[in-house]
Amino acid sequence: MALTLKLNGETRDVVAEPGTPLLWVIRDELKLTGTKFGCGVASCGACTVHLDGEPVRSCQTYVEDVEDAEITTIEGLNSDISAAVQQAWTELDVVQCGYCQSGQIMSAVGLLSENAKPTVEEIDLYMDGNACRCATYQRIRAAIQRASDIMEA
Amino acid sequence: MTLNTSRRGFLKSAAAAVAVLYVGARPDGAIAAANADGAMLNPFVKISSDGTVTAIVKHFEKGQGPATGLTTLIAEELGVPIEDVDYEFAPSDAGTYNNLLFGPFQGTGGSTAMANSFMQYRQAGAAARDMLLQAAANVWDVDMAELSLEDGVIKGAGHEAPLAEFVRAAAGITPAAEPRLKDPSEFRLIGSANVRRKDTPPKINGTAMYAMDLHLDNQMVVVIAHSPRMGGLVASFDESDAKGIKGFIRAAELPNKASVAVFAENTWAALQARDALSVEWDFSAAEARSSDAIRDQLIAAVTADPEYNVSGTDQAEVAARIDGASTVLDETFYFPLLAHAPMEPLTCTIEATADGGVLLHDGCQMPTGPHMALSQILQLPMEKVQINTLFAGGSFGRRATPDADYQVEAALAFAVTDRTRPVKLVWSREDDITGGYYRPAFAHRVRVGLDDSGNIVGWDHRIAGQSIMKGTPFESFIVHDGVDHSSIEGVPDSPYNIPGQFVGLTDVAKATTVLWWRSVGHTHTAYVMESMIDMAAKAAGRDPVDFRLALLEGGDKDQARIAGVLKLAADKGGWGKAAEGRTQGIAVHKSFDSYVAEVVEISGDADTGVQIEKVTCAVDCGIAVNPDVIKAQMEGGIGYGLGHAMRDEITLTDGEVDQSNFPDYEPLRIGDIGAIEVHILPSTEPPTGVGEPGTPPSAPALANAIAATGLRVTALPMINNGVEFM
Ligand code: FES
Ligand code: FES
């Protein structure tokens, strides 16, 4: 079926079968590959995108359910918060293989959007669904705190 | 930098055509150079007359840092700012880009990337620098010794100009066989905490290209219906239910009869069509055992006499020493199968090239294997197979199978098409978790005898498991007199002074495909050695650190280095000074020529729930080329070791894998470890591995902490053997 999505500030016409996960529409149809496939069952967070600013797992979000929402992928991040997060990620060289990091950053931006000064416990709780097989967690935690400081400055 | 850029801009417009200087090594290892036209060698560095410098990185980047590390070596010796050096991944050519520690084989593994490149890349950078200096000296008619190259600018004898001006002339100069390398006191970049990762920018904005991200025009996606049991064959299949799925193209049995390939226009259609496919399997030759039976078999093997006497010592004499001891410790350990589960599921793409060959796009860890495999399967000469290496989303060993398993699958799938459309193979997480190539299961039984004063008098150590190396191209390097060194590494070569040690090994029959997994044999040997030493310290009534240090007083360099990290970790980790409610455990292990000690501090206990509060790590890996990358690799290695020891195992029921995805092969999560602190012991020794050595001591240090609260865990994972985690 034909659908119109609002993605990264643009409207995009796509053709997809009902029941298709948003992940595959973003990756295979729209060819925005920053959003990653890691598990397909909402247990790793690699596919995290924002729907109206809220992080969701795109592998478990059906395309027909998001026609009314503003979808943001890693490529469309463009706010003071996302700039602070990306700066902190750079300063601390968080990434290793990097494959999980789009999802980590989308979740971190989600966290800081609703809580500008999260505690370590709040970070751990919020980021629990974003797996990193390279175990960069220590730096993710520090980078979220650093981003919070950058935002405050 | 501004100076450089503006001059470069000027030069660009002034130059009629760009000249390029390549410096690398010939197949015989000699440093050689070529210009763009006559390039008969594959280079390590490429310098163009517009001033751009590119490092050609022969080791693939799965996050462990070679894109940064090898680029640093070039920039250091050449004398250019690291920010001005780009990098690209080397093509597949085992003659030139072979791993010096692997023979004529190009690949990344065994934590060798820096160890085998340290001199090679520095020499290439230094040779290029000398050629540029000589070219400048010729033009200015001065002595080369008066000139220096710093920050991309050649200076001296009253002259000054950017290196770009001499690239063309330098291409005609023969490089010195042994260019002068910098003395470590002259290093600006090696060892600097200010060199940032080269691969951070594309990895935080979604532009980094992994093999999974490749989308070629007109490509087909193929997913594979694998046998649910190892060794099963396709009896028949029916694709009728898949036909209604939009985008489904067709299903075809692969020529090796092991699986059915499902082709579709996109990934989701391929995954759905595979679900809709029904396959009848012939299990007559398939694995039918359960993991309990495999475990029983391994434990029986370590209880009986071993197949191989690894230590060459007298088993009966050692047994007599132990039987006569005043205290005897007798423990049996079990380690389950483990999957690697790199974050990016396995994938690669094959496309036909205009010259009648193929191009493989892959996050390729060991290019030589798939290169040969594709050549055989697709019946193409080697030179008609090219490999484009992309970023890899983790590996931990999984992308380096000696039989090139997933690239072979892609080639077989490509072979059953008319070869006009590119074929992209995609594995799901379920394919990955159930797909074999596991860390083999191992059992150990150790008997240790102590005398009245708590001194070790005998150590009988038996190991049983499935050999990783037998039947692979690496067999001749690693298997000697039947003993696969990767099954026992870390035991007979333990740096501790252990009088009367016997080590025996029994290889058990193949149960699944097995593979090296981050730190290989050390994943289990370090656990056993460091658990037993801890138990011996306790039995002797001694402090675990003092007890270990006493066993390291042999005076050799190995022992001094391992004692060095042990002391540093104990000091920085506040050994013996844990706060109220906290308990510490320590372990130390040498692997891949690096020495790592870790203190794990926990709260709680096995019954009420353990929380890992802090890990303090000390590492001696020789010269620390990039301290921050080393720290990151230790952090990651610790997390990888602890996460699996806590929670993960692959089990089989009647030959079928019980786990399928992250919900039942649960990754380490952010809250599992409170903090990790890494300290690097300064060293002038040559650099050694960092990708793996952080892993081995982590699980035994945790086990030793938990043991101090009352429960000694001798089988993994911990959650299935009596430990609760918070
Ligand atoms: S791919 Fe969506 S959570 Fe893992
Ligand atoms: S950086 Fe590799 S999975 Fe997170």
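Can you find even one residue in the stretch B:711-721 that is at pLDDT below 95 and surrounded by fewer than 24 Cβ atoms within 10 Å (Cβ to Cβ)? No, there is no match, as no residue in the stretch B:711-721 is at pLDDT below 95 and surrounded by fewer than 24 Cβ atoms within 10 Å (Cβ to Cβ). Checking B:Gly671, B:Gly636 one by one, the residue that is part of a helix (DSSP H, G or I) and without any contact (Cβ under 8 Å) to a residue 12 or more places away in the chain is B:Gly671 and no other. Can A:Leu23 be described as within 25 Å of B:Ala392 (Cα to Cα) and either away from ligand 2 (no atom under 16 Å from the Cβ) or of a type outside the set (Ser, Thr, Tyr) (or both)? Yes: the conditions hold for A:Leu23.
I'd like to check something: does the stretch A:130-142 contain any residue that is away from ligand 2 (no atom under 16 Å from the Cβ), within 14 Å of chain B (Cβ to nearest Cβ) and either part of a helix (DSSP H, G or I) or at pLDDT 95 or above (or both)? Break it down into steps so the answer makes sense when it comes.
Restricting attention to the stretch A:130-142, the residues satisfying the condition of being away from ligand 2 (no atom under 16 Å from the Cβ) are none.
Checked against the condition, which is being away from ligand 2 (no atom under 16 Å from the Cβ), within 14 Å of chain B (Cβ to nearest Cβ) and either part of a helix (DSSP H, G or I) or at pLDDT 95 or above (or both), the stretch A:130-142 yields no hits at all.
Can you find, within the stretch B:233-251, the residue that is nearest to the other protein chains (Cβ to nearest Cβ) among those that are farther than 24 Å from B:Glu287 by Cα and of a type in the set (A, V, I, L, M, F, W, C)? Step by step, filter the stretch B:233-251, then rank; the result is B:Ile245.
With the structure loaded, tell me whether B:Gly206 is of a type outside the set (A, V, I, L, M) and away from every other protein chain (no Cβ under 14 Å) or whether it fails that test. Before you say what the answer is, go through the steps one by one.
Details: of a type outside the set (A, V, I, L, M): yes; away from every other protein chain (no Cβ under 14 Å): no.
When the stated conditions are applied, B:Gly206 does not pass them.
Here is a yes/no grid of residues against (1) more than 14 Å from every other protein chain (Cβ to nearest Cβ); (2) closer than 30 Å to B:Ile650 by Cβ; (3) under 32 Å from the mean Cα position of the chain (by Cα):
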site: B:Val153; (1), (2), (3): yes, no, no
site: B:Pro162; (1), (2), (3): yes, no, no
site: B:Ile173; (1), (2), (3): yes, no, no
site: B:Arg180; (1), (2), (3): yes, no, yes
site: B:Pro184; (1), (2), (3): yes, no, yes
site: B:Ala225; (1), (2), (3): yes, yes, yes
site: B:Pro228; (1), (2), (3): yes, yes, yes
site: B:Gly231; (1), (2), (3): yes, yes, yes
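In this structure, B:Ile670 qualifies as within 16 Å of ligand 1 (Cβ to nearest atom), of a type in the set (Val, Ile, Thr), farther than 17 Å from B:Ile433 by Cβ and within 12 Å of chain A (Cβ to nearest Cβ).
With respect to the conditions (1) within 15 Å of ligand 2 (Cβ to nearest atom); (2) part of a strand (DSSP E or B), A:Val49 lacks only one, and its number is (1).
In the set (1) in contact (Cβ under 8 Å) with a residue 60 or more places away in the chain; (2) in contact with a strand residue (DSSP E or B) (Cβ under 8 Å, 6 or more places away or on another chain); (3) hydroxyl-bearing (Ser, Thr, Tyr), the condition left unmet by B:Thr353 is number (1).
Table: residues versus (1) among the hydrophobic types (A, V, I, L, M, F, W, C); (2) modelled with pLDDT under 90.
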position	(1), (2)
B:Leu147	yes, no
B:Ile154	yes, no
B:Ala171	yes, yes
B:Asp199	no, no
B:Lys203	no, no
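For A:Glu67, the requirement of being over 14 Å from the mean Cα position of the chain (by Cα), farther than 30 Å from B:Lys198 by Cβ and modelled with pLDDT under 95 is met.
Rundown of residues vs (1) of a type outside the set (Lys, Arg); (2) within 16 Å of ligand 2 (Cβ to nearest atom); (3) within 30 Å of A:Met151 (Cβ to Cβ); (4) part of a strand (DSSP E or B), yes/no style:
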residue	(1), (2), (3), (4)
A:Asp13	yes, no, no, yes
A:Ser43	yes, yes, yes, no
A:Glu67	yes, no, no, no
A:Ala84	yes, no, yes, no
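Look through the stretch A:109-124, keep the residues that are more than 14 Å from chain B (Cβ to nearest Cβ) and of a type in the set (A, V, I, L, M, F, W, C), and return whichever of them is farthest from B:Gly394 (Cα to Cα). Per the stated criteria, the residue is A:Ala116. Looking across the stretch B:318-337, the residues that are buried (at least 23 other Cβ atoms within 10 Å of the Cβ) and under 30 Å from A:Val41 (Cβ atoms) come down to B:Phe335, B:Leu337. Here is the figure for the stretch A:78-108: residues that are among the hydroxyl-bearing types (Ser, Thr, Tyr), surrounded by fewer than 24 Cβ atoms within 10 Å (Cβ to Cβ) and within 8 Å of another protein chain (Cβ to nearest Cβ) total 1.
Take the conditions (1) closer than 16 Å to A:Lys36 by Cα; (2) within 15 Å of ligand 1 (Cβ to nearest atom); (3) in a helix (DSSP H, G or I); (4) not aliphatic (A, V, I, L, M); A:Gly110 misses just one of them, which is (1).
The set of residues in the stretch A:36-57 that are more than 7 Å from every other protein chain (Cβ to nearest Cβ) and out of contact with any Gly (no Cβ under 7 Å at 6 or more places or on another chain) comprises A:Ala42, A:Val49, A:Leu51, A:Asp52, A:Gly53, A:Val56.
With respect to (1) touching a residue at least 12 places away in the same chain (Cβ under 8 Å); (2) within 16 Å of ligand 1 (Cβ to nearest atom); (3) within 22 Å of B:Ala269 (Cα to Cα), the lone exception for A:Asp65 is condition (1). Annotation: A:Val120 fulfils all but one of (1) within 16 Å of the chain's Cα centre (by Cα); (2) surrounded by fewer than 20 Cβ atoms within 10 Å (Cβ to Cβ); the unmet one is (1). Among the numbered conditions (1) out of contact with any Phe, Trp or Tyr (no Cβ under 6 Å at 6 or more places or on another chain); (2) not in a loop (DSSP other than H, G, I, E, B), the only one that A:Gly38 does not meet is (2). For the stretch B:630-642, filtered to residues that are over 14 Å from the mean Cα position of the chain (by Cα) and more than 8 Å from every other protein chain (Cβ to nearest Cβ), the residue that is farthest from B:Tyr595 (Cα to Cα) is B:Leu642.
Condition test on A:Gly19, is it in contact with a Lys or Arg (Cβ under 8 Å, 6 or more places away or on another chain), at the interface with another protein chain (Cβ under 10 Å from one of its Cβ atoms) and under 26 Å from B:Ala273 (Cα atoms)? So A:Gly19 fails the test.
The values are calculated or read from the model by the stated rules, or taken from the named source; none is laboratory data. This structure is a prediction, so every number in the text was calculated from the model and none was measured. No Cβ is skipped: glycine too gets one built from the backbone with ideal geometry, and neighbour counts run over all protein chains shown.
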